[in-house]
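Here is the structure we will look at, set down as C-alpha cells.
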Amino acid sequence: MKRMALPAQRRHEALVGYLFIAPYLVLFVAFVLVPVVWGFFISLHNWHVLGEQKPFVGFANYRALLRDDLFGIALLNTGYFALLTVIPGNVVSLLLALGLNARIRGENVYKAIFYLPVVLSVAVVAIIWRWMYSTEFGLLNHYLKVLWQLLHLPGDFQPIPWLNSPQSAMPSLALMSIWWGAGGSMLIYLAGLRGIPEEYYEAARIDGASTWGRFRHITLPLLKPSLLFCLVMSLIGSSQVFGQSYILTGGGPHYSTLTVVLYMYQTGFSLYRMGYACAVAYVMFVIVLGFTLLQFRLLSARGEE
Amino acid sequence: MRFSFARLLLYLLMTITAVVFLMPVAWMLVMSILPEHEIFQPVPHWVPQEPTLQNFQELFKRAEEAPVMRWFWNSLFVAGTGTLAYLLLSSMAAYAFSRLEFPGRNVLFFLVLSTLIIPGQVTIIPVFLILQKLHWFNTYYALIVPGLAGAFGVFLLRQFFLTIPREMEEAALIDGCGRAGIYWRIILPLSKPALATLAIFSFLGGWNDFMLPLIATNEIEMRTLPVGLTIFLGRYSMQYGLVMATAVLATLPVLVMFLLFQRHIIRGVVLTGLKG
C-alpha cells in the first residue's frame, strides 16, 4: 500500500510527520542540541556572567585546567568516589540479587525494602545520613559502640568522625551512595539471573561442579551483559556525583569531597566564570565517554578468551 | 523447600541486611514524631515516649522564612504537569519516528538517540544561560521545560509503538480516520503499559530532581522541595525534628507511589534499564 501512494499522499504524510515531531524537536534543539554546542563555544571564551566583554581565548581555559590544583584534586576525588562505589556497589547489588534468586519466602518484601532508597531524592538521603553520621548522636556510631562492647573488643570504642575528617568523609559519602543506589542494579542482576536456564546448573551439578564453580563458570559468564550494563551505568553515575557533597560537606573538609561537578558548579554559579566551568564540564564529558568505550572493549575482550 | 542450615543462614543474612537497609528511612519517620528532648539522647528512642506532631505543626508556622508547603505544591505542580507534557510530546515524536515517512527521519532519530549518552550536567551552564535569555529564571517554565527535551521517552515509546501491529491502523485509515485520530484513538490506548511506566519514572525524576531547580531559581518562593530541604537544613540545622518532618513531607508522595506501583516500577527498571 505504501509503495502505491501518490506523491501528494506522501507529501501529506511527511507534513503530518513534521507536525508530530515539531513540538518535541523545538525543545530538543533549544535545551539539548544548542546547549551541547554552545557549551563548547562558551568554554573557548573568558565568559564572566557580569562581564561586558566575553573575549575569545581559544583553549586557554583548558590549558589553565591542567595547572589548576583544585581541578586536579576534584578529578582525583571523583576517581576515588568511583573506586569506592562502582565495584563495591555492584558486589552488594549482585549479592542481594543472588539472595533473592534463591527462591526465598517473602521475596517481594525483601525486594521492595532493598529498592526503596532508590526512589528518594538526594536531598532526603543526605538529610537522613547527616544524622546517621553524627559523631555524637548518630545511629552508626551508637551501634558500632554496642557491637564493640558485645564482642569484648579491647579498649574503648573511639567514635568515628565520619563526615568531619578528610580521611573518612569521602568513604562516608560512598557508603551512603551505595545504600541509595544498590537496589537499581539489584533488579537488573535479578532479571539476568532469572534468565539463566535451570538445566545448566543441573548439568553442572551432575558433573560435580562446586557452588563456586557453578557461579564462576555459569552465572558470571551468562550475566555478562547485565554486569557490563550496570558497571558502565554506575561508572557514569559516579563520575557525575554532585548532590551528596554539595549538601553534606560542601566539598570539605580540606577539599576532601570536592568533586568535578561540584567544582564546575562552584566556578560557574559562585564565581560566575562560565567559560572555565564549561571547560570543566567538557573535560568530564570526554572522560565519561572514554571510560564507557574502554570498559565496553575490556569486557568484550575478556569474554572472547 | 528442604530445610537446611544453609537456608537458615540465608534467611538470617537477608533479614539482617533488610533491617540495615530499612533503618535510615525508619529512623527518619521516627525522628519526625520525636519531641526535641528525645532526639538528643545517647540511646536512640525507637519507640517514642511522647510521640508528637509538633514538628509538623511547626512547619506551617515558619511559612515566612521557609515556606515548606509552597515548596511542596511547587514540586507537585512541576512533577505533575512536567509528566503530562513529557508524555504528550514524547509520544507524538515517537509516533512520527515509528509510523510516518518523511525526509530526514532516520538522521533526526539518530541525532536524538545519540544524546542519551550526554550527561545532563555537561549542558547545565548553557541551559542556565538560555533560561536567562528567555527571561524564564524563577518561573515554572524554567523548572519544567528543560526536562521535556530528554530523549529517553521518545526512545522508549518508539520501541513500544514498533511492537503494535500495523493492520489495525490500516483498517482505520481505510475507514477514513486521520493520522491524528490513529495516534490518539489507537496507538495511545494500546500503549498504556509503556505510558504508565514512563509516567511513573518521569514523576519520580521530576519530584526528586536537584540540579535543575537549584540553578533555575533563586527566589525562596520558587524553590522545589528537595532544594528547599537544603535551605531548611542550613537554617534549622540544630532542630533536627523539624528537618526530619520536612524530609518526611518530601518522601511521602514517592513512598505512596512506590507502594502503589511497586510492580510497575520493578518491571520498568528491568525493561528500560532506568534505575529510577
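Nothing in this text is a laboratory measurement; each read-out follows from the coordinates by a stated rule. This one's a predicted model, so the numbers in the text were calculated from it and none came from an experiment. Here the Cβ positions follow ideal geometry from the backbone for every residue, glycine too, while neighbour counts run over all protein chains shown.
Given the options B:241, B:228, B:176, which has the most mean-square fluctuation in a GNM of chain B, springs set between C-alpha atoms less than 10 angstrom apart?
Among B:241, B:228, B:176, the largest mean-square fluctuation in the Gaussian network model of chain B belongs to B:176.
Need one number for the stretch B:155-265: average projected area of the convex hull over its C-alpha atoms, nm². Could you put the intermediate results ahead of the total?
Values: hull surface 39.7 nm².
Over all viewing directions, the stretch B:155-265 projects a mean Cα-hull area of 9.9 nm².
Please report the Cα spread of the stretch A:2-72 along all three principal axes, rounded to whole Å, starting with the longest.
Principal-axis extents of the stretch A:2-72 (Cα, largest first): 66, 28, 18 Å.
From the P(r) of the protein assembly as shown, can you give the percent of Cα pairs sitting at distances over 36 Å? Can you show the working numbers first?
Values: 70537 of 168490 pairs.
The share of Cα pairs beyond 36 Å in the protein assembly as shown comes to 42 percent.
Which residue fluctuates the most in chain B, going by a Gaussian network model with Cα springs under 10 Å, if the choices are B:91, B:191, B:202?
Largest GNM mean-square fluctuation: B:191.
At what distance in angstrom do the alpha carbon centres of the stretch B:1-72 and the stretch A:28-61 lie from each other?
46 Å
Below 20 Å, Cα to Cα, which aspartates and glutamates can residue B:192 reach? Residues fewer than 8 away in the same chain don't count.
B:167, B:169
Where in chain A are the DSSP H helices whose C-alpha atoms run 18 Å or more along the long axis and whose mean Kyte hydropathy is at least -1.0? It would help to have the intermediate numbers written out before the result.
Values: long enough: A:7-28 (30 Å, 0.62); A:69-100 (46 Å, 1.67); A:169-194 (38 Å, 1.07); A:224-239 (22 Å, 1.38); A:274-303 (44 Å, 1.48).
Qualifying helices, which must be both long enough and hydrophobic enough, are A:7-28, A:69-100, A:169-194, A:224-239, A:274-303.
Set the Förster distance to 56 Å, then compute FRET efficiency between residue A:204 and residue A:12 from the Cβ-Cβ distance, nearest 0.05. Before the final figure, lay out each step's value.
Numbers: r = 60 Å, r/R0 = 1.08.
About 0.40, to the nearest 0.05.
Evaluate the Debye formula for the stretch A:68-303 with equal point scatterers sitting on the alpha carbons, no solvent, and hand back log10 of I(q)/I(0) at q = 0.09, 0.11, 0.13 Å⁻¹, in q order, two decimals.
Values returned for q = 0.09, 0.11, 0.13 Å⁻¹ are -0.49, -0.71, -0.93.
Need the C-alpha centroid separation for the stretch A:71-103 versus the stretch A:147-169, integer Å.
Between the Cα centre of the stretch A:71-103 and that of the stretch A:147-169, the gap is 23 Å.
Expressed as a whole number of Å, what is the distance separating the alpha-carbon centroids of the stretch A:235-286 and the stretch B:101-125?
A separation of 25 Å, based on Cα centres.
Across every pair of different alpha-carbon atoms, what Kirkwood hydrodynamic radius in Å does the stretch A:197-244 reach? Write down the numbers at each step before the final one.
On the way: mean 1/r = 0.0783 Å⁻¹.
Evaluated over the stretch A:197-244, this radius sits at 12.8 Å.
With springs only between Cα atoms under 10 Å apart, run a GNM on chain A and tell me which of A:18, A:282, A:265 wobbles the most.
A:18
Highest first, please rank the peptides B:51-64, A:121-134, B:76-89 by the mean number of other Cβ atoms sitting within 10 Å of their residues.
On the way: B:51-64: 13.8, A:121-134: 24.4, B:76-89: 19.1.
Ranking, from highest mean packing down: A:121-134, B:76-89, B:51-64.
Just to verify a number: FRET efficiency for residue B:173 and residue A:66, C-beta to C-beta distance, R0 = 60 Å, to 0.05? Please report the intermediate quantities before stating the final value.
Values: r = 61 Å, r/R0 = 1.01.
Efficiency, from the Cβ-Cβ distance: 0.50.
Identify all aspartates and glutamates with a Cα-Cα distance to residue A:145 below 14 Å; exclude those on the same chain that are fewer than 8 residues away in sequence.
Leaving aside aspartates and glutamates fewer than 8 places away in the same chain, those within reach of residue A:145 are A:136, A:156.
With no solvent and one equal point scatterer placed on each C-alpha of chain B, evaluate the Debye formula and give log10 I(q)/I(0) for q = 0.10, 0.13, 0.16 Å⁻¹, two decimals.
So the normalised log intensities are -0.71, -1.01, -1.25.
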